[in-house]
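K.L.:
For reference, the structure I am asking about is given below.
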DNA sequence: ATTCTAACA
DNA sequence: TGTTAGGA
């Protein structure tokens, strides 16, 4: 019932929907560490399919690749779930990152309201 | 056919 | 980013 436990870049690309180009980029950034075959081809493990999913999730969270590399090293995959593992400060670091984003949103909201006030006070636009 | 690295218009 | 060259 087990699918191929190893695959080359093309197969991983199809299984994840992530381009080969991006897959190589992830490796450059230290997010994936495929083994190499004698011929130099990258050999990915079945678990890399899930790993790519995690990478995309972390990327969607706005984390820089350097941080993602750290996080991946502090996490243990249990049935698709990311479980923190012996890396004190990681969850805290992520929480502070979250707080920083909330702060940025607050500032943007204030800027938006200020612009709304400005626009409301401006003469109506009647061009033609 | 597939992948690899490197380099270019 | 893409693409192409030149190999293995």
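K.L.:
Scan (1) touching a strand residue (DSSP E or B) at 6+ places or on another chain (Cβ under 7 Å); (2) within 13 Å of DNA strand C (Cβ to nearest atom); (3) within 21 Å of residue A:97 (Cβ to Cβ) for the single condition residue A:36 breaks and write down its number.
P.N.:
Every condition holds for residue A:36 apart from (3).
K.L.:
Now, a different point. Look through segment A:19-33, keep the residues that are surrounded by fewer than 18 Cβ atoms within 10 Å (Cβ to Cβ) and within 11 Å of DNA strand C (Cβ to nearest atom), and return whichever of them is nearest to residue A:66 (Cα to Cα). Walk me through it before giving the result.
P.N.:
Our first condition is that a residue be surrounded by fewer than 18 Cβ atoms within 10 Å (Cβ to Cβ); within segment A:19-33, this holds for A:19-22, A:24-25, A:27-30, A:33.
Among the residues that remain, those that are also within 11 Å of DNA strand C (Cβ to nearest atom) are: A:19-22, A:24-25.
On the way: A:19: 20, A:20: 20, A:21: 19, A:22: 16, A:24: 15, A:25: 13 Å.
Ranking the qualifying residues of segment A:19-33, first place goes to A:25.
K.L.:
Okay, moving on. Among the residues of segment A:52-67, is there at least one that is within 16 Å of DNA strand B (Cβ to nearest atom) and either at pLDDT below 95 or under 15 Å from the mean Cα position of the chain (by Cα) (or both)?
P.N.:
If we filter segment A:52-67 for residues that are within 16 Å of DNA strand B (Cβ to nearest atom), which is where we start, we get A:52.
Adding the requirement that they be either at pLDDT below 95 or under 15 Å from the mean Cα position of the chain (by Cα) (or both) leaves A:52.
Yes, segment A:52-67 has at least one match.
K.L.:
Take the residues in segment A:1-18 that are surrounded by fewer than 18 Cβ atoms within 10 Å (Cβ to Cβ) and either near DNA strand B (Cβ under 9 Å from one of its atoms) or not assigned by TED's automatic domain parsing to the domain that holds residue A:73 (or both); name whichever of them is nearest to the chain's Cα centre (by Cα).
P.N.:
For segment A:1-18, the residue satisfying everything is A:14.
K.L.:
Could you list, in sequence order, all residues of segment A:62-108 that are loosely packed, with under 13 Cβ neighbours inside 10 Å and either at positive phi or part of a strand (DSSP E or B) (or both)? Give the derivation first.
P.N.:
Narrowing segment A:62-108 to residues loosely packed, with under 13 Cβ neighbours inside 10 Å: A:62, A:64, A:66, A:73, A:76, A:78-81, A:83, A:85-86, A:88-89, A:91-92, A:95-96, A:98-108.
If the condition is that a residue be loosely packed, with under 13 Cβ neighbours inside 10 Å and either at positive phi or part of a strand (DSSP E or B) (or both), then A:62, A:76, A:78, A:79, A:80, A:81, A:83, A:86, A:89 are the ones that fit.
The values are calculated or read from the model by the stated rules, or taken from the named source; none is laboratory data. Bear in mind the structure is a predicted one, so any value in this text is a computation, not a measurement. Glycine gets a Cβ as well: all are built from the backbone with ideal geometry, and neighbour counts include every protein chain shown.
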